[in-house]
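Have a look at the structure below before the remarks.
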Amino acid sequence: MHKQIRTTESESLYKDIEKMSTIEILNSINNEDQKVAIAVEKSIHQIQQLVDAIADKLTNGGRLFYIGAGTSGRLAVVDASECPPTYGVPEDLVIAIIAGGKEAMFHAVENAEDNTTQAWNDLQAFQINDQDVVIGIAASGTTPYVFGGLQKCQEHNIITGSISCNFNSPISTVANFPIEVDLGPEFITGSTRMKSGTAQKLILNMISTSVMVKLGRIEGNKMVNMQLTNKKLIERGTHMIMQQTNITDANVAEALLKEFGSVKKAVDHFKHN
């Protein structure tokens, strides 16, 4: 991987930040944040191609893996962990692997991201195969853990995608479907937990949501397959059943919801009985 000056490491547009007032700091951060969605919009076609490839594999029994380090890895874990409760899919359908393991979610694990072979070892623990898709996430686009993992996947004919915040990123060269977003310098020079992290979160939201829609996990605009893990979600599910059926008694709708465990199953039962 060749060395070059990357946007994610370029000098902030703001000087003497420590001398700013609180409102100046907040306005400046907000000004930079507003640039993120516009930059992501320019990558929509790249994202679309990756989403279609993922949906095809998952429809035929494959899985989606994310690999990343630091902030990128943590964002991946958040996205993957929210798929089962939101869409009612198995916990092993979308899997996030962070360099350094679970400890790295809360603490920096020294040198974890510099290991070029560990990502492949971590993926092999899940019996990774060519029915799966692996997305590597790295703001810089240079993280050895991610690069090595994607490179090995390509050697084994596993479809790969990448998300980076620099153009011509090394990880893009080992991705079938690279996504590159150029956001300009961070508010604090090199602090990619800021705009880069926001862009990665937006893209991950787009990928997982679009894939779940294509897998039939949403009906209309409702999370009909969500897990009923708290009172708020039970109330939401009860209201959805009342909207989609002739049931007007909330107690009846809630009982039906609890009996079948999901809005979709409860509505299907009601409509066919």
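Before moving on, here are some points about what is shown:
- Beta-bridge orientation, the chain: approximately 5 percent antiparallel, per DSSP, counting only bridges with both partners inside.
- Using 0.36 nm per residue and subtracting the Cα-Cα separation, the extra length available between ASN30 and HIS156 on full extension is 41.1 nm.
- For a straight C-alpha distance cut-off of 17 angstrom, the aspartates and glutamates reachable from LYS57 (same-chain residues fewer than eight places away being disregarded) are GLU91, ASP92, ASP130, ASP132.
- Segment 99-193 shape via C-alpha gyration tensor axes, a/c threshold 1.5: oblate
- Nonlocal amide H pairs with ILE135, under 5 Å, H built at 1.01 Å: PHE65, TYR66, ILE67, GLY161
- Structural size metrics of segment 138-273, computed from C-alpha coordinates, are Rg and Dmax of 21.6, 62 Å.
- For GLY88, residues with placed amide H under 5 Å, excluding near neighbours: GLN227
- Straight-line cross-link reach from LYS271 at under 21 Å between alpha-carbon atoms covers these lysines, not counting any fewer than eight positions away in the same chain: LYS222, LYS258.
- Spin-label pair ASP16/HIS239, simplified geometry with 7 Å Cα→Cβ offset, distance in nm: 5.1 nm
- Among ILE54, ILE95, ILE38, ILE29, sorting on how many other beta-carbon atoms sit within 10 Å of each Cβ, with the fewest leading, yields ILE38, ILE29, ILE95, ILE54.
- Legend: calculated FRET efficiency, GLU110 to ASN246, from the Cβ-Cβ distance at R0 = 51 Å, rounded to 0.05, equals 0.25.
- Ranking of ILE188, ILE67 by neighbouring Cβ atoms within 10 Å, starting from the fewest: ILE188, ILE67.
- Helix-only CD estimate at 222 nm, as mean residue ellipticity for the chain, using -39500 (n - 2.57) per DSSP H run (n ≥ 4): -15000 deg cm²/dmol
- Global geometry of segment 70-140, whether rounded, prolate or oblate, following the gyration tensor of its Cα atoms and the 1.5 cut on a/c: oblate
- Electrostatic tally near SER172: other residues with Cβ closer than 13 Å to its Cβ, Lys and Arg +1, Asp and Glu -1, net -1.
- Basic side chains Lys and Arg get +1 at the Cβ, acidic Asp and Glu get -1 at the Cβ, and with that the dipole of segment 79-142 about its Cα centre reaches some 20 debye.
- Dipole magnitude (debye, nearest 20) for segment 138-209, charges at Cβ of Lys, Arg, Asp, Glu: 180 debye
- Angle in degrees between helix 231-244 and the longest Cα principal axis of the chain, rounded to the nearest 10: 60 degrees
- Straight-line reach from LYS15: taking Cα to Cα under 16 Å and skipping same-chain neighbours fewer than 8 places apart, the aspartates and glutamates in range are GLU24, GLU32, GLU186.
- Maximal additional length on extending the ASN221-ALA125 stretch stands at 30.9 nm, based on 0.36 nm per residue less the C-alpha distance.
- Expected-Rg normalisation [2.2 N^0.38 Å, Cα atoms] applied to the chain: 1.14
- Considering only Cα atoms, the convex hull volume of segment 231-271 works out to 53 Å³ per residue.
- When each of SER12, SER208, SER164 is scored by the number of other beta-carbon atoms lying within 10 Å, the sequence from fewest to most is SER12, SER208, SER164.
Bear in mind these aren't lab numbers, they're just calculated from the coordinates by the rules spelled out. Computed from a prediction, not measured in an experiment: that's the story for all the values here. Positions of Cβ are generated from backbone atoms using ideal geometry, with glycine treated the same way; all protein chains shown enter the neighbour counts.
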